[in-house]
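The values are calculated or read from the model by the stated rules, or taken from the named source; none is laboratory data. All values derive from a computational prediction rather than experimental measurement. Cβ coordinates were reconstructed from backbone atoms using ideal geometry, including for glycine residues, and neighbour counts include every protein chain displayed. Accessible surface areas use protein heavy atoms only, side chains included; no ligands, DNA or RNA. Shrake-Rupley method; radii C 1.70, N 1.55, O 1.52, S 1.80 Å.
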Amino acid sequence: MKFAAPLIPATLIRRYKRFLADCLLEDGREITAHVANPGSMLGLKDEGLRVWLEPNDDPKRKLKFAWRLVEHEGGHFTGVDTGVPNKMLKAALMAGEVAGLTGYDLVRPEVKYGENSRIDFLLTGAGQRDCYVEVKSVTLSRQPGLAEFPDSVTARGTKHLGELANMAQTGQRAIMLYLIQRTDCSSMTLAADIDKKYAAAFEQATASGVEVLCFDCAISPQSVKLGRSLPFSTSPLSSSG
């Protein structure tokens with residue numbers, strides 16, 4: 001997925017009210033950017049971070065910049081836009097490029113199911129069980145090379161695991177897909193210390209037959225692409241990225 005406009009570098013001043021961030025451009029201007037991320041952004045909102053913004057000239061938009069990336073040491077990036085995973089994965093699923101999720105005839109996003117829920121993707125095909133795919137964007141990393149989810153308590157995420165477990169128990173295929181929007185991680189685990197209820201729901205879901213897939217991203221100021229399949233463990237893995 002290519003960005004609509006070339007990204008420009010800036011320095012983060014502060015993130016506030018969830019969807020706003022003040023940034024300092026390289027030409028000295030201080031601007032306010034939209035933040036397409038309602039989460040805690042733990043470890044990604046410290047003053048002084050180098051960030052990348054997408055400018056726009058749309059007269060209908062009040063804010064003329066959107067925060068897309070955080071740049072880390074060593075030229076690594078984290079994508080902060082939570083809308084990116086589904087946009088990128090829809091195209092990859094339709095092209096049959098997601099390992100473990102090929103061979104389906106139809107990819108339908110945002111399908112109602114369960115108790116007032118919507119699945120990110122429902123995959124169907126002749127001779128195949130229906131496949132329910134829930135996607136979560138992963139941006140937290142508290143030790144080198146290791147990605148974690150969630151970065152805050154997520155009652156919604158816990159509910160989604162329960163819905164997936166119910167589908168698996170009815171004989172359908174249910175997938176929890178974690179998309180790591182970082183280029184500096186080589187494995188993933190749960191941040192059980194942050195949300196014990198989510199970790200417990202995850203254990204129940206996988207025991208019910210929910211499958212887990214984990215991919216990273218190839219990220220640059222030009223584009224975000226689906227990357228490698230990475231190992232997942234409920235116990236923290238030792239990794240150096």
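The table for this structure:
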{"read-out": "Segment residue 24-residue 102, extension gain: residue separation times 0.36 nm, minus the distance between their alpha carbons", "value": "23.7 nm"}
{"read-out": "Average accessible area per residue (Å²) across the chain - probe 1.4 Å, nucleic acids and ligands excluded", "value": "49"}
{"read-out": "Helix 196-207 vs. the chain, principal-axis angle (Cα, 0 to 90°, nearest 10)", "value": "40"}
{"read-out": "Angle in degrees between helix 155-169 and the longest Cα principal axis of the chain, rounded to the nearest 10", "value": "30"}
{"read-out": "Ellipsoid equivalent to region 87-169 - semi-axes via the Cα gyration tensor, in Å", "value": "24, 18, 11"}
{"read-out": "Gyration tensor (Cα) of region 121-241, equivalent ellipsoid semi-axes in angstrom", "value": "24, 18, 12"}
{"read-out": "Neighbour net charge for residue 128 - beta-carbon separation under 12 angstrom, K R +1, D E -1", "value": "0"}
{"read-out": "Per-selection Rg to Rh, region 1-119 - Cα, Kirkwood hydrodynamic radius", "value": "1.05"}
{"read-out": "Fraction of accessible area attributable to carbon and sulfur, the chain (%, probe 1.4 Å)", "value": "50"}
{"read-out": "Candidate lysines - alpha carbon under 21 Å from residue 136, same-chain residues fewer than 8 apart omitted", "value": "2, 45, 87, 90, 112, 159, 196, 197, 225"}
{"read-out": "Helix 84-94 axis, angle to the chain major axis (alpha carbon atoms, nearest 10°)", "value": "50"}
{"read-out": "For the chain, radius of gyration divided by Kirkwood radius, i.e. Rg to Rh on alpha-carbons", "value": "0.98"}
{"read-out": "Leading residue at positive end of dipole, the chain (Cβ point charges), from 74, 42, 119", "value": "119"}
{"read-out": "Low-density loop positions, trypsin sites (Lys or Arg not before Pro), region 127-189 - DSSP coil, at most 16 other Cβ in 10 Å", "value": "129"}
